[in-house]
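Colleague: The structure under discussion is supplied below as structure tokens; questions concerning it will follow.
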Amino acid sequence: MSKTPLKGKVIGFEDYADYVLEDAFGEASPFRILSCNDASVSFIMANPFKIIDDYTFRIEDDLVNDLGLNGLGDVAVLCIVRYEGHTFFINLRSPLIINTARGVFIQTILQDEAYSVSVPFEMKKVE
């Protein structure tokens, strides 16, 4: 299990910025755990591209500059997942954009209203 330190802010948890990203379910899994080092806060995260076939968006230039991105090779995208009533839900509207080379992330809110903050999905759809 690998652990990657990350710095950034999750919307609603702006007081915290020091996290670690763990591949607790195995490297091949689309799921990760984002744990705060400053508080007892953690999030189940998922690679949205492995859950929703046609998920796409444009990373705004300001976000590219703020993250110090030099190319797509250093970008990872994760979305917060919650489990409720035997159903998984993913927040496609507010992805975390991660600069893997620098270990920093920004959670953004997409302007595209086609994506919801609570999209149900089934585990059998996840490869």
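The values are calculated or read from the model by the stated rules, or taken from the named source; none is laboratory data. Computed from a predicted structure; not experimentally measured. Here Cβ is always computed from backbone atoms with ideal geometry, including for glycine, and neighbour counts include all displayed protein chains.
Colleague: Whether any residue in segment 63-78 is touching an Asp or Glu at 6+ places or on another chain (Cβ under 6 Å), in a strand (DSSP E or B) and under 19 Å from V117 (Cα atoms) is what I want to check. Give the derivation first.
Modeller: First pass over segment 63-78, keeping only residues touching an Asp or Glu at 6+ places or on another chain (Cβ under 6 Å): none.
No, segment 63-78 contains no residue that is touching an Asp or Glu at 6+ places or on another chain (Cβ under 6 Å), in a strand (DSSP E or B) and under 19 Å from V117 (Cα atoms).
Colleague: Among the numbered conditions (1) buried (at least 16 other Cβ atoms within 10 Å of the Cβ); (2) at pLDDT 95 or above; (3) farther than 15 Å from V117 by Cα; (4) of a type outside the set (K, R), tell me where I59 comes up short.
Modeller: In the conditions (1) buried (at least 16 other Cβ atoms within 10 Å of the Cβ); (2) at pLDDT 95 or above; (3) farther than 15 Å from V117 by Cα; (4) of a type outside the set (K, R), I59 misses (2) alone.
Colleague: Right, another one. Do we have any residue at all in segment 118-127 that's in contact with a helix residue (DSSP H, G or I) (Cβ under 8 Å, 6 or more places away or on another chain) and either of a type in the set (D, E) or in a loop (DSSP other than H, G, I, E, B) (or both)? Working first, answer last.
Modeller: Going residue by residue through segment 118-127, those that are in contact with a helix residue (DSSP H, G or I) (Cβ under 8 Å, 6 or more places away or on another chain) are 126-127.
Adding the requirement that they be either of a type in the set (D, E) or in a loop (DSSP other than H, G, I, E, B) (or both) leaves 126-127.
For segment 118-127, residues in contact with a helix residue (DSSP H, G or I) (Cβ under 8 Å, 6 or more places away or on another chain) and either of a type in the set (D, E) or in a loop (DSSP other than H, G, I, E, B) (or both): present.
Colleague: If you don't mind, another one. Would you mind stating whether F88 is of a type in the set (F, W, Y), in a loop (DSSP other than H, G, I, E, B) and surrounded by 12 or more Cβ atoms within 10 Å (Cβ to Cβ)? Reasoning before the result, please.
Modeller: Numbers: of a type in the set (F, W, Y): yes; in a loop (DSSP other than H, G, I, E, B): no; surrounded by 12 or more Cβ atoms within 10 Å (Cβ to Cβ): yes.
So F88 fails the test.
Colleague: If I go through segment 73-127 residue by residue, how many of them are of a type in the set (F, W, Y) and farther than 15 Å from D53 by Cα?
Modeller: Step one: list which residues in segment 73-127 are of a type in the set (F, W, Y), which gives 83, 88-89, 105, 115, 121.
The next check asks that each one be farther than 15 Å from D53 by Cα; those that pass are 83, 88-89, 105.
Count: 4.
Colleague: Going by the conditions given, is L78 surrounded by 14 or more Cβ atoms within 10 Å (Cβ to Cβ) and in contact with a strand residue (DSSP E or B) (Cβ under 6 Å, 6 or more places away or on another chain)? Don't jump to the end; show me each part of the working.
Modeller: On the way: surrounded by 14 or more Cβ atoms within 10 Å (Cβ to Cβ): yes; in contact with a strand residue (DSSP E or B) (Cβ under 6 Å, 6 or more places away or on another chain): yes.
When the stated conditions are applied, L78 passes them.
Colleague: Looking at G26, G85, G73, G68, which one is more than 20 Å from P5 (Cα to Cα), small (G, A, S) and over 13 Å from the mean Cα position of the chain (by Cα)?
Modeller: On the way: G26 fails: more than 20 Å from P5 (Cα to Cα); G73 fails: more than 20 Å from P5 (Cα to Cα); G68 fails: more than 20 Å from P5 (Cα to Cα).
G85 is the lone residue from the list that is more than 20 Å from P5 (Cα to Cα), small (G, A, S) and over 13 Å from the mean Cα position of the chain (by Cα).
Colleague: Is there any pair with a first residue in segment 21-39 that is in contact (Cβ under 8 Å) with a residue 40 or more places away in the chain and a second that is part of a loop (DSSP other than H, G, I, E, B) whose Cβ atoms are under 7 Å apart and which are 6 or more apart or on different chains, and what are they?
Modeller: Listed pairs, sorted by first residue: P30/N47; P30/I51; P30/V126; F31/F25; R32/D23.
Colleague: Given the options S40, S29, name the one that is of a type in the set (G, A, S), assigned to a loop (DSSP other than H, G, I, E, B), out of contact with any Gly (no Cβ under 7 Å at 6 or more places or on another chain) and surrounded by fewer than 11 Cβ atoms within 10 Å (Cβ to Cβ).
Modeller: Working: S29 fails: surrounded by fewer than 11 Cβ atoms within 10 Å (Cβ to Cβ).
The unique qualifying residue is S40.
Colleague: A further question on this structure: Please go through segment 10-26 and give me each residue that is acidic (D, E) and not in a strand (DSSP E or B), ordered by number. Write out each step before concluding.
Modeller: At the first step, the residues of segment 10-26 found to be acidic (D, E) are 14-15, 18, 22-23.
Within segment 10-26, E14, D15, D23 qualify.
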